[in-house]
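Notes to accompany the following structure.
The values are calculated or read from the model by the stated rules, or taken from the named source; none is laboratory data. The structure displayed is predicted, hence computed values, not measured ones. Quick reminder, even Gly has a Cβ in these numbers, built from the backbone with ideal geometry, and neighbours come from all protein chains shown.
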Amino acid sequence: MIEIRGLTKYFGEHLVLDRVTLDVAKHEVVCLIGASGSGKSTLLRCINRLIEPDWGSIRLDGVAVEDPSWGKTGLQRRVGIVFQSYNLFPHMRVIDNIMLAPRKVRGLSRVEAHDKAMAVLALFGMERFARAYPEQLSGGQQQRVALARALAGEPEVLLLDEVTAALDPELVGEVMAAIRGLKAQGLTMVIVTHEMGFARDLADRVCFLDGGRIVEEAPPGALFNAPEHPRTRQFLERLLEGGRL
Amino acid sequence: MIPEQPTTPPPPPRRRGFDWRRALVPGLISSLSILVVFGGLAWLIAGNENWPRIQRQFFSLDHMLAALPRVAWGFLTNMKVWLIAMACIGVWALLLAVIRSLRGPWFAPFRLMVVLYIDLFRGLPALLLVILFGFGIPALRIPGLPSSGLFWGGFAMVLSYSAYVCEIYRAGIDAVHEGQRAAAKALGLNEGQVMLYAILPQALRNAVPSLMNIVVALQKDVALLSVIGVRDAVREAQIYTSSTFNYSSMVVAALLFLLATIPMARLADWVTHRDRVRRLQLAG
């Protein structure tokens with residue numbers, strides 16, 4: 001479904017992505033792990049063109065993401081993203097946050113968009129908070145609203161950028177449960193995460209990035225139990241010492 | 001060995017009743033100190049041999065009452081110009097700020113125009129612009145253009161103030177977190193929609209405290225129009241002064257201005273305070 005070939009990106013002189021090649025099949029969940037600054041988030045943001053790569057290509061169902069045939073919003077309709085810092089619009093109620101894209105991008109009527117929004121909120125047990133403002137919610141609740149907002153556009157691919165990193169430990173579980181539910185529905189996901197337990201539990205495949213390259217790519221069992229590359233081993237050992245694995 | 005703990009937590013501390021002595025003593029001291037300082041100043045001023053002359057010249061109640069109707073009438077003009085100019089500045093400056101914040105390469109000439117506009121009108125004294133437009137343009141006698149000095153003076157005020165207000169709006173736009181733009185773009189909104197639905201509502205909220213200060217400043221600066229003959233409060237007071245050689249009419253105008261600006265300033269303080277509380281809550 002997603003084909004990434006030779007993706008390279010510089011921030012000034014600094015090489016953030018170095019000839020990354022990756023395929024993601026339909027219904028597959030791929031986790032990207034690696035140290036901070038290894039290029040995981042940049043790779044993710046290239047997929048929906050929040051960042052433009054310098055070299056290489058990304059194709060979605062065989063069509064390059066920068067192809068003009070997508071129009072202004074075609075790509076964003078098919079690829080949703082959720083951020084570490086939620087990025088909900090603070091001046092809008094939860095329900096309006098979710099209805100914005102269906103109404104303004106997909107042209108749904110107010111009633112249709114409202115029904116759609118309530119349906120996705122129900123998916124995460126958040127209907128009660130439809131009239132609340134984001135700042136009145138806990139981090140975990142805000143992140144579930146952000147998930148609902150991304151899903152209201154009915155994307156085929158969901159990108160998750162360290163969605164649990166800003167949450168208090170006791171709130172991580174509720175967001176993870178929500179994402180687990182999405183996997184059960186067969187949604188294709190690319191997930192950047194620091195939660196190794198999450199990656200092990202959820203991913204069909206785990207990619208370890210180091211210095212902008214994918215140095216190892218394997219099913220979670222293999223990668224976590226018997227890492228082949230010395231850098232992967234080193235990274236996992238450090239997490240183990242830090243008590244995070 | 002941990003010493004034995006009582007089975008229930010100790011009760012909350014008893015609230016002390018109102019302690020008169022504690023409240024009274026600092027209150028008395030500050031009242032006394034105010035009395036001494038201000039009383040001393042009043043004694044110094046009123047004891048001055050020139051005071052009766054000053055009082056006659058500036059604070060004559062008869063002259064004040066005589067001047068009040070015409071000065072108040074002029075002040076009504078100030079208020080009208082103030083309200084209309086405020087509305088025009090609000091809209092025009094917002095348009096400039098939005099143009100300046102557009103990111104597409106096609107908008108480069110328009111961005112440049114806004115930058116030049118701001119450099120020009122922020123760099124010139126408002127007084128100069130008022131004279132230039134207020135006297136200059138009516139003197140051209142171009143058919144179809146309004147010939148009123150009031151109109152062109154107000155126009156100059158709008159041009160001048162919009163340059164400042166545009167920068168306030170722009171700071172408000174820049175203060176909106178980059179993640180908001182990314183989120184809106186990722187939802188598929190186009191650049192105009194990102195601005196309209198995601199950025200501007202937050203930017204305006206950011207800008208309100210600074211805008212309130214501009215509103216107060218504008219309220220006074222409308223008096224600049226008096227130099228081109230607009231019969232505002234200052235001009236009316238001047239006319240009264242020139243026929244009676246008494247400045248009490250000016251004091252009347254001053255009091256009217258204070259009557260209008262002080263509540264606005266308090267309102268600005270309150271809005272700023274509320275905004276700060278809101279931000280602190282968000283941060284916490």
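Yes or no: region A:139-152 includes at least one residue that is buried (at least 22 other Cβ atoms within 10 Å of the Cβ), more than 18 Å from the chain's Cα centre (by Cα) and either β-branched (Val, Ile, Thr) or at pLDDT below 90 (or both). Checked region A:139-152: no residue is buried (at least 22 other Cβ atoms within 10 Å of the Cβ), more than 18 Å from the chain's Cα centre (by Cα) and either β-branched (Val, Ile, Thr) or at pLDDT below 90 (or both).
Scanning region B:134-145 turns up one or more residues that are away from chain A (no Cβ under 14 Å), crowded, with 21+ Cβ neighbours inside 10 Å and within 28 Å of B:ARG235 (Cα to Cα).
The set of residues from region B:118-152 being over 19 Å from the mean Cα position of the chain (by Cα) and of a type in the set (Gly, Ala, Ser) comprises B:GLY123, B:GLY134, B:GLY136, B:ALA139, B:GLY144, B:SER147, B:SER148, B:GLY149. Inclusion of A:ALA101 among residues that are in contact with a Leu (Cβ under 9 Å, 6 or more places away or on another chain) and either buried (at least 24 other Cβ atoms within 10 Å of the Cβ) or in contact (Cβ under 8 Å) with a residue 24 or more places away in the chain (or both) is warranted. On the given criteria, is A:GLU112 surrounded by fewer than 20 Cβ atoms within 10 Å (Cβ to Cβ), touching a Pro at 6+ places or on another chain (Cβ under 8 Å) and without any contact (Cβ under 8 Å) to a residue 12 or more places away in the chain? Yes. Only a single item in (1) over 16 Å from the mean Cα position of the chain (by Cα); (2) under 25 Å from B:ALA156 (Cβ atoms) is not met by B:VAL252, and it is number (2).
Taken together, B:ALA183, B:ALA175, B:ALA171 contain a single residue that is at the interface with chain A (Cβ under 10 Å from one of its Cβ atoms), more than 30 Å from B:ASP62 (Cα to Cα), among the aliphatic types (A, V, I, L, M) and more than 15 Å from the chain's Cα centre (by Cα), which is B:ALA183.
Residues that are within 25 Å of A:ALA150 (Cα to Cα), in contact with a Ser or Thr (Cβ under 9 Å, 6 or more places away or on another chain) and within 14 Å of another protein chain (Cβ to nearest Cβ) occur in region A:55-71; there is at least one.
Contact map, region B:215-229: residues that are over 30 Å from B:THR272 (Cβ atoms) paired with residues that are among the basic types (Lys, Arg), Cβ distance under 9 Å, separation 6+ or inter-chain. Pairs shown: B:SER226/B:ARG235; B:VAL227/B:ARG235; B:GLY229/B:ARG235. The numbered conditions (1) β-branched (Val, Ile, Thr); (2) more than 14 Å from A:LEU17 (Cβ to Cβ); (3) touching a residue at least 40 places away in the same chain (Cβ under 8 Å); (4) surrounded by fewer than 22 Cβ atoms within 10 Å (Cβ to Cβ) are all true for A:VAL79 except (4). Does region B:197-230 hold any residues that are over 14 Å from the mean Cα position of the chain (by Cα), more than 9 Å from chain A (Cβ to nearest Cβ) and under 24 Å from B:ARG278 (Cα atoms), and which are they? Those that are over 14 Å from the mean Cα position of the chain (by Cα), more than 9 Å from chain A (Cβ to nearest Cβ) and under 24 Å from B:ARG278 (Cα atoms): B:ILE199, B:LEU200, B:ALA203, B:LEU204, B:ASN206. Meeting the requirement of 1 or more residues that are under 26 Å from B:LYS185 (Cβ atoms) and not β-branched (Val, Ile, Thr), the helices (runs of 4 or more DSSP H) wholly within region B:51-127 are B:61-101, B:108-123.
Residue-level check: of (1) touching a helix residue (DSSP H, G or I) at 6+ places or on another chain (Cβ under 7 Å); (2) assigned to a loop (DSSP other than H, G, I, E, B); (3) without any contact (Cβ under 8 Å) to a residue 24 or more places away in the chain, A:TYR86 misses just (3). Determine if region B:112-130 includes at least one residue that is surrounded by 14 or more Cβ atoms within 10 Å (Cβ to Cβ) and within 14 Å of chain A (Cβ to nearest Cβ). No - not one qualifying residue is present in region B:112-130. The requirement of being out of contact with any Gly (no Cβ under 8 Å at 6 or more places or on another chain), away from chain B (no Cβ under 12 Å), under 19 Å from B:GLU178 (Cβ atoms) and buried (at least 21 other Cβ atoms within 10 Å of the Cβ) is fulfilled somewhere in region A:163-182, by at least one residue. Determine if region B:143-152 includes at least one residue that is of a type outside the set (Phe, Trp, Tyr) and touching a Gly at 6+ places or on another chain (Cβ under 7 Å). Checked region B:143-152: at least one residue is of a type outside the set (Phe, Trp, Tyr) and touching a Gly at 6+ places or on another chain (Cβ under 7 Å).
For region B:175-194, the criterion of being in contact (Cβ under 8 Å) with a residue 12 or more places away in the chain and over 30 Å from A:CYS46 (Cα atoms) is met by no residue. Of the residues making up region A:114-155, those that are assigned to a helix (DSSP H, G or I), away from chain B (no Cβ under 14 Å) and small (Gly, Ala, Ser) are A:ALA119, A:ALA122, A:GLY140. Being surrounded by fewer than 17 Cβ atoms within 10 Å (Cβ to Cβ), out of contact with any strand residue (DSSP E or B) (no Cβ under 9 Å at 6 or more places or on another chain), under 30 Å from B:ILE239 (Cα atoms) and touching a residue at least 60 places away in the same chain (Cβ under 8 Å) holds for only one residue in B:TRP51, B:TRP73, and it is B:TRP73. Against the conditions (1) surrounded by fewer than 14 Cβ atoms within 10 Å (Cβ to Cβ); (2) farther than 30 Å from B:ALA175 by Cα, B:HIS63 satisfies every one except (1).
For region A:117-127, indicate whether the set of residues that are surrounded by fewer than 18 Cβ atoms within 10 Å (Cβ to Cβ) and of a type in the set (Phe, Trp, Tyr) is non-empty. For region A:117-127, residues surrounded by fewer than 18 Cβ atoms within 10 Å (Cβ to Cβ) and of a type in the set (Phe, Trp, Tyr): absent.
Residues in region A:89-108 that are facing chain B (nearest Cβ under 9 Å) and either touching a strand residue (DSSP E or B) at 6+ places or on another chain (Cβ under 6 Å) or under 17 Å from A:PRO155 (Cβ atoms) (or both): 5 in all.
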